[in-house]
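A.B. asks: This is the structure, below, for whatever I ask next.
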Amino acid sequence: MNNKHSNLLIGIRRKYVIMRAHMYTHTRTQSVISSNCCLFADYLSDDMSTTGPELMVRRPVYQQDELNHLCKYVKPKRILSNEMSKRCKNIKPVALLKKTIPLIDWLWSYDWKNNILGDIVAGITVAVMHIPQGMAYAILGNVPPIIGIYMAFFPVLVYFFLGTSRHNSMGTFALVCMMTGKVITTYSSPAVWTNNTSVENGTLISDVNHQYSPVEVATVVTFTVAIIQLGMYVLRLGIISSLLADSLVSGFTTSAAIHVFTSQIRDLFGLSDLPRRKGAFKLILTYVDIFNSINNINITAVILSCITILALIFNNEVLKPKISKFCPFPIPIEMFAVVIGTLISMQMNLADTYNVVTVGDIPVGLPVPSVPPLSLVPNVLVDSFVITMVAYTISMSMALIFAQKEGYEIDSNQELIAQGLGNLVGSFFSCMPITASLSRSLIQQTVGGHTQLASLISCGILMSVLLWIGPFFQPLPRCVLASIIVVALKGMLIKVSEFIKFWRLDKMDAGIWIVTFIIVILFDVEYGLLGGILLCIGRLLVLATRPYTCKLALAPGTELYLDTKRYKGTVEIPGIKIFHYSGSLNFASKQYFREEVYKVAELVPQKEFKKRLQVTYNSTIVEEIKKLRILVLDFTALSHIDLAGANAVRNIIDEYCGIEVSVYIAGCSGPVYETLRKFNLVEHNENHFFAIFPTVADAVHFARSHSEVPSTWNTCTHDENDYDGQARAEKLSRVIITLFGVVGFIWGYVIQQFSQTIYILSAGFVMAALITVPPWPMYRRKPLDWQKPQFEVVPKLKKKK
């Protein structure tokens, strides 16, 4: 029996005859349409033939109403009572409890035999990393080092119960701590900076009377961030992180890493008297101050910084890859650096003998809970919102990466309440806002961590540090912690290479990257993030109001209709123009839709109607009309249409039908079809000026069988001047004007003479005008082969042997 079936399968031909619907489609009388189509297909059969399976299609031409009646189309009905009852039935108390407290879900099915050892090892390893990183990033945030240990304890305990990510290591992160430190510097008491002065907009200032300590400002920022996150959870705004494009996040983190690096130069070189700059161009002015203070460098601090940096780099680049082949546990090099630096400082008395700045007093025990100064909330609200967006985006990005790798789900809204309640609790225990750390999370997953039980074990170890071991690190030089931060920035700084990737993939993304980067460097992180978000929103608006449109033409030998700009071998059917629209048609895009239809149709009804009124029965007008007999609107990619969009379609139909040009709609989806039907568009009229079809092929065959459309086939022709030389010159001119304007503004701001800006901008206008003069040969190019005029191809019949 098997042999019989095998022989039968071998005997079947696997190549089916393809004769597309445009060659054999029948009308209701089942008559064959135009033999010229077959002749042209034979002419190009050698080029279009394939060796794969072939297909035969033979069916009548359907209009949309006929197909709806044949297939029993019914509009879905949604009854509110049924929807509410269905939702109520789906509510299960146990499932709701597991969703609210994810700890119950994964702890119920926890594999104690196989996973507990990996979580214990991961917890110990992450705790060892928390100590040096927490102290270093706390100093980066302008608060006492012990605050970093608090951040690794109190909020992490809350996230252990409520977080959905099983591998995120919550706590300190360089970027968030730096942004919080900026707010602390602005609103905290100047008594903290006893040896420093402040600089605002290039002017040295001092004796600014603030009434809040750095820890109080940090706690009120954390409290405000928590309130914003909880409000986003109530409004179910977990999806809001999608507004931050990858290019924005990459450009923002790269430029912010430069700010973090610059802030650590003070401790790396021991420049305790370096003024603190604020306002625009503070990064550039800070390097000017560093150059002016080059004679005040502490040589001992520089030596300690160089040794620490070299040791960390040697471990990360040489030892770590080799040891990872034999042992999954990484060398706690940061912890070794902290312990050795502390011992050296104690033995050599670096603080008194060499004036090396140390960590200072570290209190023992847990902090006393206190309410943040709520009167400061309105002042830090904007900064807190920026910190919220950055912290949530970073943690969600990390959570999604690990969830995809390990095969579990992340609830974006549950992450909001987990981080929000964690920050809310932390704000009462002197903490700064938390987020996930890339380095610690990777280590936690690499050494065998499976769940957040590793965070609980890490908190237990940090408890001993808070209760007993903390004072041991008081002699630790701050330059050692600064070195740890600088080396940890490598992963963020090398993201500058991603600009090339974005440039190759999408010029718009590359533009968002470079604009965000420049704004952060020249002004500050919040301005760069705001500018990047505005660019992303603007890009979405442009894509929504100016979606993709094109003119379609027939691919010879098929019933496929392709974009004429991208497929040069397509054939336009005389008298028929096919317009493809992709996206949403609404009140914002209706004008663009109208303009693009006119471009594809190459005929504006109002102008044509005026010509007919001026000269009646003029032969030139008759020829103009005969250029377009059928306009097909391809709505296969139309996702949504509102009342304004449907009204625009109706106006287009009325305008072209008024000059005896038939308009056919093809491929509209169910919701779009229902919206169009509400406007009572007349179908099946005696002149066939309007109809709706399920496919473009149906519309074309119906037009060729019922209209006086010429049967001669012509290939697409392109004007000799159809190339983008002038467009390139105009684009370059806009870039030059923008560049000269930005440079002029910066130069005028620096020298405080804005008249220079006008001169520089005028020079840019002159250069742009010279480039865009039509006779100017620069940036012009000769037309390509497919852009040259092409002539009509006469099909030839093959000789039969």
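The values are calculated or read from the model by the stated rules, or taken from the named source; none is laboratory data. Note that this is a predicted model, so its numbers are computed, not measured. Positions of Cβ are generated from backbone atoms using ideal geometry, with glycine treated the same way; all protein chains shown enter the neighbour counts. What goes into the accessible areas is simple: the full protein's heavy atoms, side chains included, and nothing from ligands, DNA or RNA. Shrake-Rupley method; radii C 1.70, N 1.55, O 1.52, S 1.80 Å.
A.B. asks: On average, how much accessible surface per residue is there in the range 439-513, in Å², for a 1.4 Å probe, leaving out ligands, DNA and RNA?
C.D. replies: Solvent-accessible surface per residue comes out at 41 Å².
A.B. asks: Taking the mean number of other Cβ atoms within 10 Å as a proxy for protection, how do you rank 503-512, 527-536 from highest to lowest? Write down the numbers at each step before the final one.
C.D. replies: Working: 503-512: 15.8, 527-536: 19.9.
Put in order of decreasing packing, that is 527-536, 503-512.
A.B. asks: Among Q614, L554, I652, which residue has its Cα positioned farthest towards the positive end of the charge dipole of the range 546-706, with +1 placed on the Cβ of Lys and Arg, -1 on the Cβ of Asp and Glu, and the dipole taken about the Cα centre?
C.D. replies: Result: Q614.
A.B. asks: Where the centre of each part is set by its Cα atoms, how far does the range 263-316 sit from the range 368-395, in angstrom?
C.D. replies: Spelled out, the Cα-based centre of one part sits 29 Å from the other.
A.B. asks: Taking the Cα centre of the range 545-602 as the origin, how large is its charge dipole in debye, to the nearest 20, when only Lys and Arg (+1) and Asp and Glu (-1) carry charge on their Cβ atoms?
C.D. replies: Here the size comes out at about 200 debye.
A.B. asks: Going highest first, how would you order 408-415, 428-435 by mean Cβ packing within 10 Å?
C.D. replies: 428-435, 408-415
A.B. asks: With every protein chain present, what accessible area does R539 have (1.4 Å probe, heavy atoms only), rounded to the nearest 10 Å²?
C.D. replies: Ignoring ligands and nucleic acids, R539 comes out at about 60 Å².
A.B. asks: Please report the net charge: other residues with Cβ closer than 15 Å to the Cβ of I139, K and R +1, D and E -1.
C.D. replies: +1
A.B. asks: Further, regarding this structure: Can you give the charge dipole size of the range 317-432 about its Cα centre, rounded to the nearest 20 debye, using +1 on the beta carbon of Lys and Arg and -1 on the beta carbon of Asp and Glu?
C.D. replies: Values: 4 positive and 9 negative charges, 72 e Å.
Around 340 debye, computed over the range 317-432.
A.B. asks: Please list log₁₀ I(q)/I(0) at q = 0.31 Å⁻¹ for the range 231-280, using the Debye equation with identical point scatterers on the alpha-carbon positions.
C.D. replies: -1.09
A.B. asks: Using a Förster distance of 41 Å, how high is the FRET efficiency between S324 and S189, based on the Cβ-Cβ distance and rounded to 0.05?
C.D. replies: 0.30
A.B. asks: Probe radius 1.4 Å, ligands and nucleic acids ignored: give me the carbon and sulfur share of the accessible area of the range 546-706 as a rounded percent.
C.D. replies: Carbon and sulfur together cover 52 percent of it.
A.B. asks: Another question about this same structure. Over 19 Å between Cα atoms, which of K577/K678; K577/K627; K565/K599; K75/K678; K77/K678 qualify?
C.D. replies: K577/K678
A.B. asks: Starting from the amide H of I573, placed 1.01 Å from N in the peptide plane, find each other amide H under 5 Å away whose residue is 5 or more places distant or on another chain.
C.D. replies: L554
A.B. asks: Give me the dipole magnitude in Debye, nearest 20, for the range 238-324 about the Cα centre, with unit charges on the beta carbon: positive for Lys and Arg, negative for Asp and Glu.
C.D. replies: 80
A.B. asks: Taking Cα pairs under 8 Å and at least six residues apart, what relative contact order does the range 546-706 come out at, in percent?
C.D. replies: 22
A.B. asks: Karplus couplings for the range 632-637 from phi (6.51 cos²θ - 1.76 cosθ + 1.60, θ = phi - 60°), rounded to Hz, Gly and Pro as x?
C.D. replies: 9, 9, 8, 10, 5, 9
A.B. asks: Another question, if that's okay. Starting with the highest mean, order 671-677, 600-606 by the number of other Cβ atoms within 10 Å, averaged over the residues of each peptide.
C.D. replies: Per-residue mean Cβ counts within 10 Å order the peptides as 671-677, 600-606.
A.B. asks: What are the residues whose amide H is under 5 Å from the amide H of K278, where those residues sit 5 or more places off or on another chain and H is modelled from the backbone?
C.D. replies: V199, E200, N201, G202
A.B. asks: Next up: Once you place label points 7 Å from the Cα toward the Cβ at A588 and V57, how far apart are they in nm?
C.D. replies: Calculated label separation equals 3.5 nm.
A.B. asks: Further, regarding this structure: Tally Lys and Arg at +1 and Asp and Glu at -1 over the other residues with C-beta under 12 Å from the C-beta of F160: what net charge comes out? Before the final figure, lay out the partial values.
C.D. replies: On the way: positive: R166; negative: D119.
Net charge in that neighbourhood comes out at 0.
A.B. asks: For the pairs K322/K501; K551/K607; K113/K325; K182/K490, note any where the Cα-Cα span goes beyond 28 Å.
C.D. replies: K322/K501
A.B. asks: Can I ask one more? Which whole-angstrom value gives the distance between the alpha carbon centres of the range 415-494 and the range 320-337?
C.D. replies: 18
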